[in-house]
Amino acid sequence: ALGPLLDRPGLFVFGSNDYYAPKPKNPARYLMPRGKKKRIHGVQLPWRDLRAAFVEHGWTDLTHVRRTIDVGGQRVFAAGVDDPHLRRDRYADIAGPADSGAAVRIGVTHSPEPRVLDTFATDGYDLVLAGHTHGGQLRLPGYGAIVTNCELDRSRARGASRWGAHMWLHVSAGLG
């Protein structure tokens, strides 16, 4: 599915669905308070092989690293963290002011947890790209997301929004 995209520059971090296969569960579980439910994982997936394929095609793994890359003659500063939903993030590894001389400063995280978004904003990022919410783990037509499966408010379950005074957040509702 990603074949044609691999010819373009790419940045990535992994998330829960890269590490574990899906497993059927009752969707009503998403309505339970977060601390009251046991996490259900499917079998472990070959994410290391996926990482190797991405890197082989020139994509940049941003897991707990900061990188400056050239895109069309412009300097882009980017950093990322592993999945905060699984508590695998280590923002301290990338903490510090983003490169103010870059044309754009991009943060990447799988789950748009506010504690992580706040630190990206404090460090001066212009945009954070995330996923995880699938547009709302449960969603009603005409109403929108009922739950996000993270601490992000429902109104931001997909699309672009402002986070703080200067940063944009884009939450992908699907692949990408």
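Charges were assigned to the Cβ only: +1 to each Lys and Arg, -1 to each Asp and Glu. The resulting dipole of the chain about its Cα centre is roughly 940 debye.
Averaging Cα coordinates gives a centre for segment 147-169 and one for segment 1-29; these two points are 20 Å apart.
In order along segment 159-168, phi translates into HN-Hα couplings of x, 9, 7, 7, 10, x, 7, 10, 9, 9 Hz, rounded to whole numbers, per the Karplus curve 6.51 cos²θ - 1.76 cosθ + 1.60 with θ = phi - 60° and x for Gly and Pro. For segment 75-176, the square roots of the Cα gyration tensor eigenvalues, ordered a ≥ b ≥ c, give a/c of at least 1.5 with a/b greater than b/c, which places it in the prolate category. Between segment 123-140 and segment 61-78, the C-alpha centres lie 20 angstrom from each other. Of Thr109, Thr119, Thr63, the residue with the greatest mean-square motion in the GNM of the chain, using alpha carbon springs below 10 Å, is Thr119. Quick check: at a probe of 1.4 Å, how many percent of the accessible area of segment 31-172 sits on carbon and sulfur atoms? Accessible surface attributable to carbon and sulfur in segment 31-172 totals 53 percent. Quick one: among Leu86, Leu129, Leu152, which has the greatest mean-square fluctuation in a GNM of the chain with alpha-carbon springs under 10 angstrom? The residue with the greatest mean-square fluctuation here is Leu86. Per-peptide packing, taken as the mean over residues of other Cβ atoms within 10 Å, places 41-52, 91-102 in the sequence 91-102, 41-52 from highest down.
According to the square roots a ≥ b ≥ c of the eigenvalues of the Cα gyration tensor, what is the shape class of segment 33-122, taking rounded for a/c under 1.5, prolate for a/b larger than b/c otherwise, and oblate for the remainder? Because a/c hits 1.5 or more and a/b fails to exceed b/c, segment 33-122 counts as oblate. Across the alpha-carbon atoms of segment 90-129, the computed radius of gyration and Dmax are 9.6, 27 angstrom.
Using the Cα gyration tensor of segment 100-149, with a ≥ b ≥ c the square roots of its eigenvalues, what is the shape: rounded (a/c below 1.5), prolate (a/b larger than b/c) or oblate (neither)? Prolate, because a/c is 1.5 or more and a/b exceeds b/c. Per-residue extension of 0.36 nm, minus the Cα-Cα distance of Ala52 and Ala92, leaves a gain of 11.9 nm for this segment. Full extension of the chain between His41 and Arg115 gives 24.3 nm of extra length, using 0.36 nm per residue less the Cα-Cα distance. In this simple spin-label approximation, Val65 and Ser172 carry label points 7 Å from Cα along the Cα→Cβ vector, and these lie 1.9 nm apart. Think of it as helices only: each DSSP H run of n ≥ 4 in the chain is worth -39500 (n - 2.57), and spread over all residues that comes to -3500 deg cm²/dmol at 222 nm.
The values are calculated or read from the model by the stated rules, or taken from the named source; none is laboratory data. Not measured: the values here are computed from a predicted model. When we count neighbours, we look across all protein chains shown, and the Cβ atoms used for this are built from the backbone with ideal geometry, even at glycine. Note: areas computed on protein heavy atoms with side chains; ligands, DNA, RNA excluded. Shrake-Rupley method; radii C 1.70, N 1.55, O 1.52, S 1.80 Å.
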